[in-house]
Each structure stands twice: as C-alpha cells, then as structure tokens.
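Step one of this worksheet: look at the structure below.
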C-alpha cells in the first residue's frame with residue numbers, strides 16, 4: 001500500500017493550517033494498493049518525538065470502508081463519522097483530530113494506514129493502544145507517511 005497527502009510531501013513540513021497555530025483541521029490523506037480481501041482500514045497519526053513515554057497520538061480513525069480511496073480534509077470531530085469511520089480519542093483526551101503542537105523543536109508526525117482482515121468491534125472514543133491491541137494478527141498490509149512540524153511562535 002502507499003499513503004499520500006495533498007497537504008504535505010513525505011518527509012516535508014506540515015502546513016500550519018493543520019496545526020494548533022492554524023485552523024487545527026485534519027489534512028487530506030489518500031492511498032492505493034489496498035489488498036482485495038481487506039474488510040476495513042485504520043489510520044493513526046502519532047508523534048513519536050513528544051516528551052511522553054509513548055509519544056503523543058493525534059488521531060485514531062478506524063473501520064474505514066476499504067473501498068474508499070481518500071479521507072478529505074477537515075473531518076468533523078465526532079465519534080461516528082458514518083461516511084468515513086469511527087474516531088478514537090487522541091492523547092489530548094478528545095475524540096477526533098488534534099493538530100501538531102510540539103512544545104519545542106521539530107517533531108515527526110507519522111500517519112500509518114493499516115488494512116485489516118476484520119471489522120473492529122470497538123466503541124468510539126477508545127485509545128490508540130486499544131485499537132492496536134485489537135488489530136494484532138489482523139493486519140494484511142500497512143503504509144506510512146511522515147511529515148514534520150516546529151512551532152513558529154515560542155510557547
């Protein structure tokens with residue numbers, strides 16, 4: 001599989017529009033190469049450079065219809081985005097997308113897309129860790145896209 005975004009190039013900077021210094025809206029993502037036997041997709045956006053033991057999760061979106069080829073930007077922050085999937089809780093404690101907002105320095109933000117052989121029977125608003133546990137032994141393929149961000153204004 002391959003994961004892309006019209007918002008930023010692989011390894012490139014994430015525009016401020018998608019961060020705490022901008023509109024704080026989710027960027028667009030698109031993909032190709034989803035295995036034919038996929039039952040669902042899962043997208044997780046994570047900052048491994050955050051000053052927390054497990055980094056910081058910015059977005060969890062699961063049970064995405066595998067026939068979809070993209071997620072448009074600015075997904076509503078509701079638990080059940082019926083046309084897209086089900087949203088989990090970010091590490092800020094809220095459901096939906098939370099834009100990059102590193103306390104200092106340039107951080108990496110890694111979007112990972114997983115093709116799964118099952119539909120996850122999980123409730124909206126759950127954590128990345130719970131989703132990852134449920135995905136174990138069900139991943140058919142995965143892809144990643146990394147962008148970076150550093151705040152323009154010091155905290």
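At-a-glance table
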{"item": "Any chance residue 68 is crowded, with 19+ Cβ neighbours inside 10 Å and touching a residue at least 24 places away in the same chain (Cβ under 8 Å)", "result": "no"}
{"item": "Selection from the stretch 131-152 of residues that are out of contact with any strand residue (DSSP E or B) (no Cβ under 9 Å at 6 or more places or on another chain) and either in a loop (DSSP other than H, G, I, E, B) or surrounded by 15 or more Cβ atoms within 10 Å (Cβ to Cβ) (or both)", "result": "136, 137, 151, 152"}
{"item": "The listed residue being surrounded by fewer than 22 Cβ atoms within 10 Å (Cβ to Cβ) and at pLDDT 95 or above, out of 91, 80", "result": "91"}
{"item": "Top-ranked residue in the stretch 105-121 [being crowded, with 21+ Cβ neighbours inside 10 Å and in contact with a helix residue (DSSP H, G or I) (Cβ under 7 Å, 6 or more places away or on another chain); ranked as farthest from residue 60 (Cα to Cα)]", "result": "116"}
{"item": "Single condition residue 99 does not satisfy, out of (1) in contact with a helix residue (DSSP H, G or I) (Cβ under 7 Å, 6 or more places away or on another chain); (2) under 22 Å from residue 23 (Cβ atoms); (3) part of a strand (DSSP E or B)", "result": "(3)"}
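Matching residues to (1) at pLDDT below 95; (2) part of a loop (DSSP other than H, G, I, E, B); (3) in contact with a strand residue (DSSP E or B) (Cβ under 8 Å, 6 or more places away or on another chain); (4) more than 17 Å from residue 118 (Cα to Cα):
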| position | (1), (2), (3), (4) |
| --- | --- |
| 26 | no, yes, yes, yes |
| 43 | no, no, yes, no |
| 58 | no, no, yes, yes |
| 75 | yes, yes, yes, yes |
| 86 | yes, no, yes, no |
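The values are calculated or read from the model by the stated rules, or taken from the named source; none is laboratory data. Since the structure is predicted, the reported quantities are computational estimates derived from the model, not experimental observations. Every residue, glycine as well, gets a Cβ built from its backbone with ideal geometry; the counts of neighbours run over all protein chains shown.
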